[in-house]
Amino acid sequence: LGGLLFLGATTAQANAQDFGPVQPNTFGLVIQSEETLGLTNTEFVDLDGDGDLDFIGLELPISVSYDSEEYEVNLIFQENEGSASEAAFGPIQSNPFGFDAGTIEGWDQLELLSGIDFDVVDLDQDGDYDIVGSFQYAYLYNYSPYSYAYVANAMFWVENTGTPTSPQFGALELNPFGLDVSASFASKDSELYTYAFECADIDGDGDVDFLGTLTDYT
């Protein structure tokens, strides 16, 4: 059983916030717990450029086997149909705007396994929001001629080829713009994996930097 929680501040003092009681599934946010295992990550971002924050997350369908740890990943989206000050989220949309986590540029099939994370950020700085993600390891396949590849700790990027008010996502691309941590960390025989990350202008120079964490399973 899953839910989304909201704790509202009851004071305007920035240095002395006092949070009220937990409010599950606030403002119309819902999780279809009878059909999903849960969300690996969530973001609030004005994805459609209408001035309020929408909800976006990565969802694991209930068909996933815990034994195999092989994940089918869905992007879910709930548009804020209210306003910036009075949020009211609409129904869940699964894999909107052309998002497809099962395909990747240059390969016929992608199998993501374990440790999937993502962030919504304008990585190419063209004025709209893209999706940046990571996974602990994955297999890539081509059918004719047959070939496959194993990748660990790879980053992926899904470019928004639409506009700031009408997003449209392209195919997944591996390790964009030199954002490649796979050579530095885990292989099949190691247990050191990327886990969570954020993209932000951490040094204030006007571009997007990358900050992440590692998990050592040994």
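The values are calculated or read from the model by the stated rules, or taken from the named source; none is laboratory data. None of these values were measured; they are calculated from a predicted model. Glycine also receives a Cβ, built like all others from the backbone with ideal geometry; neighbour counts cover every protein chain displayed. When the accessible area is computed, the model is the full protein with side chains, heavy atoms only, and any ligands, DNA or RNA have been set aside. Shrake-Rupley method; radii C 1.70, N 1.55, O 1.52, S 1.80 Å.
So for segment 69-145, Kirkwood radius off the Cα pairs, Stokes-Einstein at 37 °C and 0.692 mPa s: how many µm² s⁻¹?
Numbers: Rh = 14.8 Å.
Stokes-Einstein gives a translational diffusion coefficient of 221 µm²/s.
Note on segment 88-153: with charges restricted to the Cβ of Lys and Arg (+1) and Asp and Glu (-1), its dipole about the Cα centre is near 340 debye. Considering only Gln168, Trp157, Gln136, and ranking their Cα positions along the charge dipole of segment 118-181 that arises from unit charges at the beta-carbon of Lys, Arg, Asp and Glu, the one farthest toward the positive end is Gln136. With R₀ set to 41 Å, the beta-carbon distance separating Asn175 from Asp18 gives a calculated FRET efficiency near 0.40. Put a dot 7 Å past the Cα of Gln125, heading toward its Cβ, do the same for Thr215, and the two dots end up 3.3 nm apart.
Quick check on packing: order 102-109, 201-208 by the mean number of other C-beta atoms within 10 Å, highest mean leading.
Descending packing order for the listed peptides: 102-109, 201-208.
Segment Asn142..Asp207, full-extension length gain: 19.9 nm, with 0.36 nm per residue of separation and the alpha-carbon distance subtracted.
Approximating the spin labels as points 7 Å out from Cα along Cα→Cβ, the Leu39-to-Gln109 distance works out to 3.1 nm.
When nucleic acids and ligands are ignored and a 1.4 Å probe is applied, Phe177 ends up with an accessible area of around 140 Å². Here segment 115-176 is assigned +1 on the Cβ of each Lys and Arg and -1 on the Cβ of each Asp and Glu. Its dipole about the Cα centre then comes out at about 360 debye.
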